[in-house]
Amino acid sequence: MYSTSWNLSRSNTQIDMYFVLTANNLVTRMIPECKSGEGLLGALLAEGLDHRDVVRTVVDLFLAAGDTVSCGQFWIEHIPLIYKLNRIKG
């Protein structure tokens, strides 16, 4: 399989692939724990969806959540500065 060891000298594409593979491995390992139908992963599996489609969907949600958090954090940190600049221009 793929190596997911971290290396900061890698390109952005390689780093993105690292995150995708890590999330994929995590979700794949979680599947046996979710056979009872609990949670989102369990519910998708209980519907009889193909495991590959379930893994892709949940990995997409993981990645989207991470992107949303980082964008939200950026704005939280910069809104006070923008507010101050607008008051100065005023």
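The values are calculated or read from the model by the stated rules, or taken from the named source; none is laboratory data. None of the values given here were measured: they were computed from a predicted structure. Methodologically, a virtual Cβ is constructed for each residue, glycine included, from the backbone with ideal geometry; neighbour enumeration extends over all protein chains shown.
Of the residues making up the stretch 42-90, those that are farther than 19 Å from M30 by Cα and either of a type in the set (V, I, T) or not in a helix (DSSP H, G or I) (or both) are T68, V69, I76, I79, I82, I88, G90.
Hey, among T4, T22, which residue is at pLDDT below 80 and surrounded by 13 or more Cβ atoms within 10 Å (Cβ to Cβ)?
Step by step, each of T4, T22 is checked, and only T4 is at pLDDT below 80 and surrounded by 13 or more Cβ atoms within 10 Å (Cβ to Cβ).
Counting just the residues of the stretch 25-41 that are in a helix (DSSP H, G or I) and either of a type in the set (K, R) or over 18 Å from the mean Cα position of the chain (by Cα) (or both), which one comes out modelled with the lowest pLDDT? Only one residue fits best here, namely C34. Within the stretch 66-86, residues that are closer than 29 Å to T22 by Cβ have Cβ atoms under 8 Å from residues that are modelled with pLDDT under 70 and assigned to a helix (DSSP H, G or I) in no pair, counting only partners at least 6 apart in sequence or on another chain.
Among the candidates L45, L63, single out the residue that is in contact with a Cys (Cβ under 7 Å, 6 or more places away or on another chain) and surrounded by 10 or more Cβ atoms within 10 Å (Cβ to Cβ). Break it down into steps so the answer makes sense when it comes.
On the way: L63 fails: in contact with a Cys (Cβ under 7 Å, 6 or more places away or on another chain).
Being in contact with a Cys (Cβ under 7 Å, 6 or more places away or on another chain) and surrounded by 10 or more Cβ atoms within 10 Å (Cβ to Cβ) holds for just one of L45, L63, which is L45.
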